[in-house]
Amino acid sequence: VQLQASGGGLVQAGGSLRLSCAASGGRFSSYVMGWFRQAPGTEREFVAAISWSGGSTYYADSVEGRFTISRDNAKNTVYLQMNNLNPADTAVYYCAAGPWSDEVVAGTQLDAWGQGTLVTVSS
């Protein structure tokens, strides 16, 4: 499966953005989908994940209550709605696909990564 992330940009603190990740070349509905981010000088970290059907979601503590992950299997797309953004959310955001929720949350044994989209939050 190939992944294409989009939707990043510059936003002021307190603002919102919605990221999208379009999948092609695979059976999208069979993948657990996740979002990760990497700020300059830091390691890539888990942000959110969603199960095959969308019935289960997982969030990092730092984004719980502000970010919402969702998916549309008919459109082969996963979304990350980000609200109440703050400068600490500034990072390159990556989408990823894997077969199992535990592995996606852990960032291991992932089948595919998107190319990343930059989110910059100004204070």
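Annotations for the structure displayed:
- Looking across the stretch 64-86 at every residue that is more than 17 Å from LEU3 (Cβ to Cβ), part of a loop (DSSP other than H, G, I, E, B) and touching a residue at least 24 places away in the same chain (Cβ under 8 Å), the one that is least open to solvent (accessible area, probe 1.4 Å) is identified as LEU85.
- Exactly one residue out of GLY26, GLY14 is in a loop (DSSP other than H, G, I, E, B), loosely packed, with under 14 Cβ neighbours inside 10 Å and touching a residue at least 60 places away in the same chain (Cβ under 8 Å): that is GLY14.
- Total residues in the stretch 1-11, condition open to solvent by less than 40 Å² (accessible area, probe 1.4 Å) and in a strand (DSSP E or B): 4
The values are calculated or read from the model by the stated rules, or taken from the named source; none is laboratory data. Keep in mind the model is a prediction, meaning the values are calculated, not measured. For neighbour counting, all protein chains shown are included, and Cβ atoms are generated from backbone atoms with ideal geometry for every residue, glycine included. Side chains are part of the model used for accessible areas, which takes the heavy atoms of the whole protein and leaves out ligands, DNA and RNA. Shrake-Rupley method; radii C 1.70, N 1.55, O 1.52, S 1.80 Å.
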